[in-house]
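All of the numbers you see were taken from the coordinates with simple rules; none came from a lab. Please read all numbers here as calculations on a predicted model, not as lab measurements.
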Amino acid sequence: MRAALLPDAAVTVEIGDSWRLWETAGVLGAWAVAGLLVAPVVLRRMARRESGSSVAARRERVLRRVG
């Protein structure tokens, strides 16, 4: 985004006077892959902690407040 939106003169404040687009894309890609690998585990663990009756009770409370 910086390379696309900032003027060319702004590259002088970057490390090595370069936008380092490939390194940035690599880091963002690594974070995306890590998130895609970790998210199912975390969501599955969260779902196991919730019982069906507690979810139903919370839903009923919300529906009573709204309606």
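For the range 5-50, the set of residues classified as among the aromatic types (Phe, Trp, Tyr) and more than 22 Å from the chain's Cα centre (by Cα) consists of TRP19 only. If you go through the range 22-52, how many residues are farther than 25 Å from ARG2 by Cα and not hydrophobic (A, V, I, L, M, F, W, C)? The qualifying residues number 8.
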